[in-house]
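The values are calculated or read from the model by the stated rules, or taken from the named source; none is laboratory data. Nothing here was measured: the structure is a model prediction, and the numbers come from that model. Here the Cβ is made from the backbone with ideal geometry for all residues, glycine too, and neighbour counts use every protein chain on show. Only protein heavy atoms, including side chains, enter the accessible area calculation; ligands, DNA and RNA are left aside. Shrake-Rupley method; radii C 1.70, N 1.55, O 1.52, S 1.80 Å.
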Amino acid sequence: MTIRRATQKDIPALSELLRQVCNVHHQGRPDLFRPDGTKYTPHQLENLIQDDSRPIFVAQTEDGVKGYAFCMFKQRFDDTCVTDIRTLYIDDICVEENCRGQRIGQQLYEYVVQFARESGCYNVTLNVWCCNPGAMQFYEKCGLVPQKIGMEQIL
């Protein structure tokens, strides 16, 4: 398996994986997520792939793209409360549903962590939906710990 930056030719595979992620979220929160939706359109993906501040990595086998990690650099300067640390935020990570459990996600995550180190980041962060306990367990297994918790009250 190879992990590399995404290219324009990866857009169909990225779109399919984005649909799979949306369906996982739809199963957990159908009040918030549409079935068979995607977070980005193909046109938005074209722009994101070219944006060095928002790197996208893909895990590819000889059979094609089997996973991705959408990332973005975050840094706040001159904040009166928060320090100026540079963070690599994982906006989204996915492994093709029929390939889960094969360590592809772990290898993607480790690649992202190494990329963040080499890019001078202080930390790697992400958000995970509580309706996705498999993802929560995966991230805990990778060594992530809660940083903050989002809460809601449905009206």
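A few notes on this one:
- Most simply put, the chain has about 85% antiparallel DSSP beta bridges, counting only bridges with both residues inside it.
- Accessible surface ranking that places the most exposed of 111, 40 first, with a 1.4 angstrom probe: 111, 40
- Linear extension gain, residue 1 paired with residue 114, 0.36 nm per residue minus alpha-carbon span: 39.0 nm
- Sites residue 153 and residue 51, calculated FRET efficiency, Cβ-Cβ separation with R0 30 Å, nearest 0.05: 0.25
- In a DSSP loop and with at most 16 other Cβ atoms within 10 Å, the GluC sites (Glu not before Pro) in the range 56-99 are 62.
- Element breakdown for the chain at a 1.4 angstrom probe: carbon and sulfur atoms account for 50% of the accessible area.
- Residue 145 - accessible surface, heavy atoms, 1.4 Å probe, Å² rounded to 10: 120 Å²
- Contour excess over end-to-end distance, with Cα ends at residue 23 and residue 137 and 0.36 nm allotted per residue: 39.2 nm
- Its residue count N fixes a reference of 2.2 N^0.38 Å for the range 71-155, and the Cα radius of gyration divided by that reference is 1.23.
- Taking every protein chain into account, the 1.4 Å probe leaves residue 74 with about 90 Å² of accessible area, to the nearest ten.
- The chain - accessible surface per residue (Å², probe 1.4 Å): 63 Å²
- Shown are 51, 78, 91, whose ranking by accessible area with a 1.4 Å probe and every protein chain present, most to least, is 78, 51, 91.
- Accessible surface ranking for 26, 43, 1.4 angstrom probe, highest first: 43, 26.
- Computed from the Kirkwood radius of its Cα pairs, the Stokes-Einstein diffusion coefficient for the chain at 37 °C and 0.692 mPa s stands at 199 µm²/s.
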